[in-house]
1. Express in whole angstrom the spacing between the alpha-carbon centres of the range B:55-128 and the range A:331-350.
2. Could you put B:CYS141, A:CYS250, A:CYS472 in order, starting from the residue whose Cβ has the fewest other Cβ atoms within 10 Å?
3. Take peptide A:358-371, look around each residue's Cβ out to 10 angstrom, count Cβ atoms belonging to other protein chains, and average those counts.
4. Provide B:SER144, A:SER289, B:SER159 in ascending order of the number of other Cβ atoms located within 10 Å of each residue's Cβ, fewest first.
5. Which of the lysines could be linked to A:LYS391 by a straight reach, that is with a Cα gap under 17 Å, when you skip same-chain ones fewer than 8 residues away?
6. What share of the DSSP beta bridges in the range A:2-243 is antiparallel, in percent to the nearest 5?
7. Averaged across the residues of A:419-427, what count of C-beta atoms belonging to other chains lies within 10 Å of each residue's C-beta?
8. Could you compute the net charge surrounding B:VAL38? Neighbours are other residues with a C-beta less than 11 Å from the C-beta of B:VAL38; K and R count +1, D and E count -1.
Amino acid sequence: MLRISDVSYRYKTRKIPTLKHLSLHVTEGEMLLLAGCSGCGKSTLIKAVSGLLNTAGAGELDGKIYLNNKDTAEMTPEDIGILVGTVYQSPDDQLFAMTVSDEVGFALENQGLDENIISVEVQKVLERVGLAGFEQNSIHTLSGGQRQRLALASVLITKPKLLVLDEPVSQMNPQGVEDFLQLLVSLNRIDGITIIVVEHRVNELAKYFPRLAVMFEGEVIYDGPIELAWQKIGSAEKYGLREPQKVKLCRFLHLSKLIDETSKVVDLIKSECKIEKTALTVRSKKACSEAIVTGKAIRYRYPGSTSDTLQGIDFELYKGETVALMGFNGAGKSTLINLLGGLAELSSGELDLLGGTVGERAYEIGYLRQEPDLMLLADSVWEELTWKNKKVRKEVVWELLEKLKLENNTNDFPLALSKGQRLRVVLGALLARNPKLLLLDEPTTGQDQQSLEEIKKLIAYFSQMGGCVLFCTHDIELASEIADRVIIMANGKLIANGAPEVILSDRWILSAGGLTVPPLLEVSEALLLPKCITVEGVGRYVSTAVMGRL
Amino acid sequence: MSVRQLWEGCDAAVWARKLDGRTKLLILFLVAVLAIVVDNPRTLFLLFTATLLLHLSARTSIYKWQVLAILLLLGLWGSMFSQALFFAQTPRTPLFVIIEPTMPVLGQITGGLYIYREGVIYGAVQGLRSAMMLSLGLFVCWTSDPRQLLKALITWRLSPQIAFMLVTAIRFLPVLAAEAGEVIIALRLRSDTRVGRKSIIRHLPYIAKPLLARCLRRAQTLALSVVSRGFFLATARKDEFWHTKEKFVCCLLIIFTIGITFSKIVYLLSEQGLYFGNLRIVYDWTKLYL
């Protein structure tokens, strides 16, 4: 289906090639997961496959790409577009029309097909992706997951042989990810479409893909079965990959194999490790008893709405504590965080922040919104950290820059930095104000593993300094690793509030909060251990293997 | 209704959404010509009312009416008030005196400040012209799909690249509006004063950069997406079907606009001495209504 043969590409503005003698062969009906850290050349490769590199004239392309045994250099991007459907990361950026049916029919209109044929085809494709009934809806009224399905439908209409998806699930919640990937699997199995997905979140996607290719600095450093990848790659973090938690557990326990299948991991642990059944020590709930925020019977109703979005919430946030706020989309998480950030006023109830109202203590709050790019306002990183902040001293800024690993980028234009760096600049600007409460709305969305680790370090540093962090996330692994406490919301109410190991191992709470079951919970249950959700948690009961890997 | 939904037309009446992009753009152009040609405040008001009737029959939502009203009133009031104050032509009739010429300092500097009757009328004429175009422009914006306008421009043989660039601006309007709101929130959050935390206006000068950067990124992805969906093939568009009824209405409007323009030109020529006796009825009609 697709044969990439010794392809190199160098952007004219860069000295080093972005793609270096890259070869990849994808046969018809295959599903390939292409992973790698930010800037490794994945997006450039997608452009090359879609025939959008050589026409741009912005660089030098060597080597050959064959689609159905036809050299893409001899095909126009439009011809390639009929064979290859490309879906980009953000559906908002690629959707063009006003209504769902118009968007889906766009490609066929361009081919000059009759209106009646288009309408029949549109209906078929919408049914296939689960959007039947939404034909006349505005694309802006769809949820994130539905928009991504629409983007998929808009390329499926031309019946492509190959689908290339660039980080399609990076902005979805766990349920959305699962539904979307099930759809891809069905397109692959039933319709026989070859699928290539580019994604960092290998941990969540691994089970759907038999084959993994890993890119690093413009080269494919691994290409083979996904179950052998972890053993061969070595350090996944170096390549920006998020390893599945079960694989991390295998590493931690020095097991002889690195596997991502519950039953096999359990068998391996039973055969290679000694299992102890001592009592579980749950991490302390509070880092300190000094409350920073106290909310009592908080209610909030959006103007024009007939019901309360927040329905009488009581909670406290303590000094030095990191709290994860989780739940379904629309559960009220963002509303609560907006109230704490001073962007909305309570309808009723009390919200005390360090002995005053949110309005009075606004300067004690740092709020990172979901789109950090829209918070970058200055011309250089240094300027960004000191923007409208006369109190900050130079030494503090330098210290922060070192912590953010941006000391060599002080004069760089913030919006030209990588995604991870841009997020860190905004975080730095917030931390430079020395806030007492840091609010983070989905801080890890679309970040690769290296960047994720940097963010974790920053959060840990801030809470060690006595700050309180409240972060919204769908990432159960992140919450279990860094949160001291987890709050789960559903329908505007708190349904659970406690230590991650207790809350995130309760299947009823997970289901009520729209969360997926942590992979290690299944492992600990199969081993008949007390419920564990982290590698360290399982490690408390299982001694490292004596016969396994070193 | 969200800011994003304000700038799109999914809630408009079906007939307005189904109107061909060419019909809409042509009407917009012809009304623009009429807005320049006509000077009579009553006729301008009638034309302006006609544009509002279009909104009414397209079932423009209440929220959009509110936005339209604010924009129209601001424009009309600003134009009338500024012209009333600074009207320099003669004759002019003062309606009110704001600063007497005899008033110490200010009176001597300004020579007196008045509200002139002719200025109010002149301002109203200018204001009605812009209000008419604003109202009709928003009608097109709130009832059109970017694709529709794109088709119209391409069937008129405009280069697909230029047509795409023009229409992309409209495509991004809803997103831009939503993101401008986001940037202002970000600015409020990063402000170091209590006033800054509440204010919107003081942050306006800083919103351009992040918005522009985002637009560039978005435009690049959108361009890649439409290219791979065969946009520049555009094989069918050159013979795009245009409903006969719509064509007929457009023809009538073209004839009407040409007629009005002709009347105005001959009237202006008559004022310069190029007078034809058999066109007297046209001169009289133009003087009365145009």
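Coordinate-derived values only; no laboratory data. Only a predicted model underlies this, so the values are computations on that prediction, with no experimental measurement involved. Cβ atoms come from the backbone with ideal geometry, glycine included; neighbour counts cover every protein chain shown.
1. Taking the Cα centre of each part, the range B:55-128 and the range A:331-350 sit 43 Å apart.
2. Working: B:CYS141 16, A:CYS250 28, A:CYS472 21.
Listed from fewest to most nearby Cβ atoms, that is B:CYS141, A:CYS472, A:CYS250.
3. 3
4. Details: B:SER144 24, A:SER289 8, B:SER159 11.
Result, fewest neighbours first: A:SER289, B:SER159, B:SER144.
5. List returned: A:LYS436.
6. Working: 22 of 40 bridges.
The antiparallel proportion sits near 55 percent.
7. Numbers: counts 0, 0, 0, 0, 0, 0, 0, 2, 0.
The mean count of partner-chain Cβ atoms within 10 Å per residue comes to 0.
8. Working: positive: B:ARG42, B:ARG129, B:LYS264; negative: B:ASP39.
The answer is +2.
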